[in-house]
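The structure under discussion appears below in the form of structure tokens.
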Amino acid sequence: MSDATAAAPEAAAKDKDKEKQEPAAAKGGSKKKLLIIIAAAVLVLGGGGAGAFFFMHKSAADQEVSADSDEGEHADAKDAKKEKGKSKKDAKGKKGKDAAPKLPAIYVEFNPPFVVNFDAKGVMRFLQVSIQVMTRDHETSEMIKLHEPKIRNNMLLLLGSQTLDTISTTEAKEALRKQSLETIAKIVEDEGGEGKKVEDLYFTSFVMQ
């Protein structure tokens, strides 16, 4: 038998093995390709799900921030409106006060001056005091003039009860001035007037001898 005849069956066997290997390789490649496609699909779906979750979460957060912002703006607007109303009220009240200026002062003088004697550590001394009362109400000034006899009586009693210690210092004189104002205001009140309208009292002369 020749070498060519012997090699022919061997070549046919090799070709048959090659044909078996090629479908197996093709089948293995198809499986690998399918796995790659599935993996890619999973990644795409997973990425889409994550994106959808992120978008939904972000939208909810934006809505909450927007709601908080709207609520804050509403509260700020309410506070601003309240403050504006208060300012208008204060301005109106101030304007009302400014609309009523003080009336001019009216001074009522007691003439002649008050003259009393007082005890100065066992020695009798004399005190002469000139007094004027200030009011801004014409009716009150007329009432003071009308009841001058009663006022002079009570003032003489008050001044005559003083001692050297109670009238020798500035503080003592100021205390006596306030007592004198209260005395006259009380008389006006007792006679049906308004004692608070007797605003002040001044010593225009204060002489001790």
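Need the failing condition index for Ser205 against (1) crowded, with 16+ Cβ neighbours inside 10 Å; (2) small (Gly, Ala, Ser); (3) assigned to a strand (DSSP E or B), just the number.
(1)
Inside the stretch 174-191, can you point out the residues that are within 20 Å of Pro149 (Cβ to Cβ) and without any contact (Cβ under 8 Å) to a residue 12 or more places away in the chain?
The answer is Glu182, Lys186, Glu189, Asp190.
Residues of the stretch 132-145 being among the charged types (D, E, K, R) and part of a helix (DSSP H, G or I), which ones?
Glu139, Glu142, Lys145
When the stretch 146-176 is examined, which residues are found to be assigned to a helix (DSSP H, G or I), in contact with a strand residue (DSSP E or B) (Cβ under 6 Å, 6 or more places away or on another chain) and not aliphatic (A, V, I, L, M)?
Of everything in the stretch 146-176, just one residue is assigned to a helix (DSSP H, G or I), in contact with a strand residue (DSSP E or B) (Cβ under 6 Å, 6 or more places away or on another chain) and not aliphatic (A, V, I, L, M), namely Gly160.
Every residue, every condition in (1) farther than 30 Å from Glu194 by Cβ; (2) more than 54 Å from the chain's Cα centre (by Cα); (3) not assigned by TED's automatic domain parsing to the domain that holds Glu189, yes or no:
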{"position": "Pro112", "(1), (2), (3)": "no, yes, no"}
{"position": "Arg125", "(1), (2), (3)": "yes, yes, no"}
{"position": "Val129", "(1), (2), (3)": "no, no, no"}
{"position": "Val133", "(1), (2), (3)": "no, no, no"}
{"position": "Arg136", "(1), (2), (3)": "no, no, no"}
{"position": "Arg152", "(1), (2), (3)": "no, no, no"}
{"position": "Leu159", "(1), (2), (3)": "no, no, no"}
{"position": "Thr166", "(1), (2), (3)": "no, no, no"}
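Within the stretch 177-202, take every residue that is of a type outside the set (Asp, Glu) and not in a helix (DSSP H, G or I) and give me the one that is farthest from Ile106 (Cα to Cα).
Across the stretch 177-202, the extreme among qualifying residues is Gly192.
If you go through the stretch 111-137 one residue at a time, how many are in contact (Cβ under 8 Å) with a residue 24 or more places away in the chain and within 22 Å of Glu182 (Cβ to Cβ)?
Total meeting the criteria: 15.
Go through (1) closer than 26 Å to Pro101 by Cβ; (2) modelled with pLDDT under 95 for Arg125 and report which single condition fails.
Only one criterion in (1) closer than 26 Å to Pro101 by Cβ; (2) modelled with pLDDT under 95 is unmet by Arg125, namely (1).
The values are calculated or read from the model by the stated rules, or taken from the named source; none is laboratory data. Everything numeric here is computed off the predicted structure, so don't read it as measured data. Cβ atoms come from the backbone with ideal geometry, glycine included; neighbour counts cover every protein chain shown.
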